[in-house]
Structure formats: C-alpha cells, structure tokens
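What follows is a single structure, written as structure tokens, with notes after it.
The values are calculated or read from the model by the stated rules, or taken from the named source; none is laboratory data. A quick note: this is a predicted structure, and the numbers were derived from the prediction, not measured. FYI the Cβ positions are ideal-geometry reconstructions off the backbone, even for glycines, and counts take in every protein chain you see.
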C-alpha cells in the first residue's frame, strides 16, 4: 500500500468523519473505498484519459459560458476559422 496525502475542504472533511464513524471504519479506509469505486467506474466506462491522451490537456482549459453553437461550429472556436470542404461548404452543412 502507498501513502498519499490529500487536502479536503471543511465540508468534505466533516462528511468523511461522519460516514467513517457511522460505518465503523477508519477515514483512510473510506477514502480508499471511494477512490477504488471511482476508478472502477472510469475503467468500466472506458475513460482511461491519461498523459498519453491528446485531449486530456484540454480538460478544464475553458472558463466561461459555452456558446450555443459550440458543438456544430467547434472549428471556429478551436482554430479561429470555419472548416470548409472542397465544395466551399462548411462540414456538416446539409443545404444543397
């Protein structure tokens, strides 16, 4: 087993103490149980983002409101331009 040091806000610390006492286990045991459950869920969903995941660096970068057309016009927001096809129409444009 490896030793880890974590920081908790006051509310999380109080809840951890409360639940550990209610379950009759140590706080460390409850933290290990919670971390194991969380990591198992990530593995189950296949979200294995790590240092080799090129998108992992984007997580948490954007602060603010998301524009309503961000999903459709993501190239404009990511690269500052619309992505066009060879026909001159934007990708995803279904108009003839």
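Residue by residue through region 1-36, note down the ones that are surrounded by fewer than 10 Cβ atoms within 10 Å (Cβ to Cβ) and in a helix (DSSP H, G or I). Working first, answer last.
If we filter region 1-36 for residues that are surrounded by fewer than 10 Cβ atoms within 10 Å (Cβ to Cβ), which is where we start, we get 1-7, 9-11, 22, 24.
10, 11, 22 - these are the residues of region 1-36 that are surrounded by fewer than 10 Cβ atoms within 10 Å (Cβ to Cβ) and in a helix (DSSP H, G or I).
Taking interchain pairs and intrachain pairs at least six residues apart, which have beta carbon atoms under 9 angstrom, with the first residue in region 4-18 and closer than 15 Å to residue 32 by Cβ and the second at pLDDT below 95 and assigned to a loop (DSSP other than H, G, I, E, B)?
16/8
Scan region 43-59 and tell me whether some residue there is at pLDDT 70 or above, part of a helix (DSSP H, G or I) and more than 30 Å from residue 1 (Cβ to Cβ).
Yes: one or more hits.
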